[in-house]
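The next block holds one structure in the form of structure tokens; read it before the comments.
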Amino acid sequence: MAGHETTELWLIRHGESEANADGRLQGQSDFPLTARGHQQARSLGESLRRKTFASLYTSDLQRAADTADAIARALDLPAVQDPRLREIDTGDWSGLTAEEARERFPEEWKRWESRDPDLRRGGGESYRDACARVTLCLMELAARHPGERVLVVFHGAVIRAYLAWVMDLPLSRIFHLTVSNASVS
């Protein structure tokens, strides 16, 4: 198509956080990076130096913002925070291990095990809602940067939800996708 310019969105998951290391659900709770997470962020920033990026956007949650800051320093590019890039809100499940969530919320846990994309764990946000929020944000960022390469630093669950949307997979299948800490999709 004449005049059609493809925008590259490089989706980056934050480095390892304290909750990741402890096996806890984070949701929109603000857990900091571990020492390993800071090292992952610095290494990722160094590895991206060979490429040119028009812009760098990040979730405003500390683990993503700190990862983006390390990348921003390596690339000499400002990190622009956007709260729409936050992780899925897991409500009262935030900060719990899987075992704790299963014990405290047995009925919700059963729906969770069935991978119901409309479940709002702990009164938070459903995967369908989070996917819509993040997809709209990413489409806006892509439209803002036609034909350019853009870095976006955010969170595993919403990256998987967006990737499922891009690949036209049912949201219940996102658990078959792996997005590691400090990875690029």
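Matching residues to (1) more than 24 Å from Phe31 (Cβ to Cβ); (2) at pLDDT below 95; (3) under 15 Å from the mean Cα position of the chain (by Cα); (4) outside any loop (DSSP other than H, G, I, E, B):
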residue	(1), (2), (3), (4)
Arg102	no, no, no, yes
Trp109	no, no, no, yes
Arg115	yes, yes, no, no
Leu119	no, no, no, no
Asp129	no, no, yes, yes
Leu138	no, no, yes, yes
Leu151	no, no, yes, yes
Arg173	yes, yes, no, yes
Ser180	no, no, yes, no
Screening Leu75, Leu44, Leu85 for residues that are under 20 Å from the mean Cα position of the chain (by Cα) and open to solvent by 10 Å² or more (accessible area, probe 1.4 Å) leaves only Leu44
State whether one or more residues within the stretch 49-56 are in contact with a Pro (Cβ under 9 Å, 6 or more places away or on another chain), touching a residue at least 40 places away in the same chain (Cβ under 8 Å) and open to solvent by less than 50 Å² (accessible area, probe 1.4 Å).
yes
Considering only the stretch 146-165, state which residues are over 23 Å from Leu44 (Cα atoms) and surrounded by 13 or more Cβ atoms within 10 Å (Cβ to Cβ).
Ala164, Trp165
With the first residue restricted to the stretch 132-145 and required to be surrounded by fewer than 12 Cβ atoms within 10 Å (Cβ to Cβ), and the second required to be assigned to a helix (DSSP H, G or I), Cβ contacts under 8 Å at 6 or more apart or on different chains are Leu136/Arg84
Counting just the residues of the stretch 88-100 that are surrounded by 14 or more Cβ atoms within 10 Å (Cβ to Cβ) and closer than 20 Å to Ala161 by Cβ, which one comes out nearest to the chain's Cα centre (by Cα)?
Ile88
How many residues does the stretch 65-90 contain that are in contact with a helix residue (DSSP H, G or I) (Cβ under 7 Å, 6 or more places away or on another chain) and part of a helix (DSSP H, G or I)?
9
Could you please find all residues in the stretch 1-39 being outside any strand (DSSP E or B), surrounded by 22 or more Cβ atoms within 10 Å (Cβ to Cβ) and among the polar types (S, T, N, Q)?
Gln26
Residue that is touching a Phe, Trp or Tyr at 6+ places or on another chain (Cβ under 9 Å), within 17 Å of Asn181 (Cβ to Cβ) and hydroxyl-bearing (Ser, Thr, Tyr), where the choices are Ser47, Ser17, Ser43, Ser29
Ser17
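The values are calculated or read from the model by the stated rules, or taken from the named source; none is laboratory data. No experiment lies behind these values; they were computed from the predicted model shown. Counting neighbours? That spans all protein chains shown, and the Cβs are built from the backbone with ideal geometry, glycine included. Remember, those area values only see protein heavy atoms, side chains included, never the ligands or the DNA or RNA. Shrake-Rupley method; radii C 1.70, N 1.55, O 1.52, S 1.80 Å.
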